[in-house]
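Data first, discussion second: the structure below is written as structure tokens.
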Amino acid sequence: MAFIEFDNVWLAYTQALAAQGQFAVEDINLQVQRGEFIAIVGPSGCGKSTFMKLATGLKKPTRGSIRIDGQLVNGPLKISGMAFQAPSLLPWRTTLDNVLLPLEIVQPYRSQFKQRKAEYAERARQLLAKVGLAGYEDKFPWQLSGGMQQRASICRALIHEPQMLLLDEPFGALDAFTREELWCTLRDLQAEQQFNVILVTHDLRESVFLADTVYVMSKGPGRFITRRNVNLPRPRDLDVTYTPAFSDIVHELRSHIGAVRQAPTSPAESAA
């Protein structure tokens, strides 16, 4: 059984829009196996972030159904973690305390936090060490570089050991060298812990380097127009990004996105 399953999912943000046939995403069908890493790419405004809201249960589909780990999604999921382009670390909390935040506010950890704080803090320290932030536990966000803040944000998303990690343009604001370092950090964490990942990105190289499967979304209303298996062997080193096999997949995906961007958006444009 698939770990993530979208069955003919459509979403309109209001009932009035639904009645007018105006959907943000339409006809989304998806099956993701346990432990699989998928990436979603497409032009701005195509519905990638809307898809993320559906996958986390923050939005309910207007039509169709979503199941995660066999359970129908009817509200926000507790088995997922999220990280965004902006790390959004609380400036008055240390790196360690920022990472621990989900355990303070999410059940069942919240009710046990005071009694198990030392245990949770050790878990956070080990996670920070894995992403290269050992020694920075007591630093405040303003004392960290952008890349360090994003590492801490990923640790915060993983501290409660979720089965699914959702990443919305997590490395988009970083320089190219830092971005590639964090690709490798995420690669190693996912390989070790085998959680599912849904990555939304504009970076085709990023999607091909990290994902098992890449989906291309059309312009709004968003729908999947291409599913591409990335059959590059794992573990992947950055050297693979300079190989013809890697470049061929990137170019293939770019051709689909180029076609989406050039597609007519109205009957008048189509007639022209």
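Which one is modelled with the lowest pLDDT, of the residues in the range 53-91 that are among the β-branched types (Val, Ile, Thr) and closer than 26 Å to Met148 by Cα?
Ile79
Kindly evaluate Ala24 against the criterion of being closer than 23 Å to Gly258 by Cβ, crowded, with 20+ Cβ neighbours inside 10 Å and either among the acidic types (Asp, Glu) or modelled with pLDDT of 95 or more (or both).
Considered against the rule, which asks whether it is closer than 23 Å to Gly258 by Cβ, crowded, with 20+ Cβ neighbours inside 10 Å and either among the acidic types (Asp, Glu) or modelled with pLDDT of 95 or more (or both), Ala24 comes out as no.
Give the residues of the range 111-137 that are crowded, with 16+ Cβ neighbours inside 10 Å, part of a loop (DSSP other than H, G, I, E, B) and free of Cβ contacts under 8 Å to residues at least 40 places away in the same chain, sorted by residue number.
Correct list: Leu133 only.
Filter the range 67-110 for residues that are more than 28 Å from Ala173 (Cα to Cα) and not in a helix (DSSP H, G or I) and give the result.
Hits for the range 67-110 are Arg67, Ile68, Asp69, Gly70, Gln71, Leu72, Val73, Asn74, Gly75, Val106, Gln107, Pro108.
With a cut-off of at least 2 residues that are without any contact (Cβ under 8 Å) to a residue 40 or more places away in the chain and out of contact with any helix residue (DSSP H, G or I) (no Cβ under 6 Å at 6 or more places or on another chain), name the strands (runs of 3 or more DSSP E) lying wholly within the range 191-240.
Hits in the range 191-240: 224-229.
Does the range 214-229 include one or more residues that are at negative phi, buried (at least 19 other Cβ atoms within 10 Å of the Cβ) and under 14 Å from the mean Cα position of the chain (by Cα)?
Within the range 214-229 (the criterion being at negative phi, buried (at least 19 other Cβ atoms within 10 Å of the Cβ) and under 14 Å from the mean Cα position of the chain (by Cα)), the answer is yes, since at least one residue qualifies.
Would you point out which residue out of Leu186, Leu167 is of a type in the set (A, V, I, L, M, F, W, C), under 13 Å from the mean Cα position of the chain (by Cα) and in a strand (DSSP E or B)?
Criteria check complete, one pass: Leu167.
From the list Thr50, Thr94, which residue is out of contact with any Cys (no Cβ under 6 Å at 6 or more places or on another chain), hydroxyl-bearing (Ser, Thr, Tyr) and at pLDDT 90 or above?
Thr94
For the range 148-184: of the residues being farther than 19 Å from Arg110 by Cα and charged (D, E, K, R), which is surrounded by the fewest Cβ atoms within 10 Å (Cβ to Cβ)?
The residue in question is Asp175.
Output the residues belonging to the range 241-272 that are at pLDDT below 95, exposed (fewer than 10 other Cβ atoms within 10 Å of the Cβ) and assigned to a helix (DSSP H, G or I).
Gln262, Pro267, Ala268, Glu269, Ser270, Ala271
Answer with yes or no whether Ser153 is among the small types (Gly, Ala, Ser), touching a residue at least 40 places away in the same chain (Cβ under 8 Å) and on the phi > 0 side of the Ramachandran plot.
no
Only one residue in Gly70, Gly21, Gly57, Gly81 is in contact (Cβ under 8 Å) with a residue 40 or more places away in the chain, on the phi > 0 side of the Ramachandran plot and not hydroxyl-bearing (Ser, Thr, Tyr). Which one?
None of the other options fit; the residue is Gly70.
Please give the number of the condition Ala211 fails out of (1) surrounded by fewer than 17 Cβ atoms within 10 Å (Cβ to Cβ); (2) in contact with a strand residue (DSSP E or B) (Cβ under 7 Å, 6 or more places away or on another chain).
(1)
When you look at Met52, is it closer than 23 Å to Val214 by Cα, assigned to a helix (DSSP H, G or I) and among the aliphatic types (A, V, I, L, M), yes or no?
yes
Every residue in the range 37-65 that is surrounded by 22 or more Cβ atoms within 10 Å (Cβ to Cβ) and in contact with a Phe, Trp or Tyr (Cβ under 6 Å, 6 or more places away or on another chain), please.
Across the range 37-65, the qualifying residue is only Ile40.
The values are calculated or read from the model by the stated rules, or taken from the named source; none is laboratory data. Values in this document were obtained by computation on a predicted structure and should not be read as measured data. Quick reminder, even Gly has a Cβ in these numbers, built from the backbone with ideal geometry, and neighbours come from all protein chains shown.
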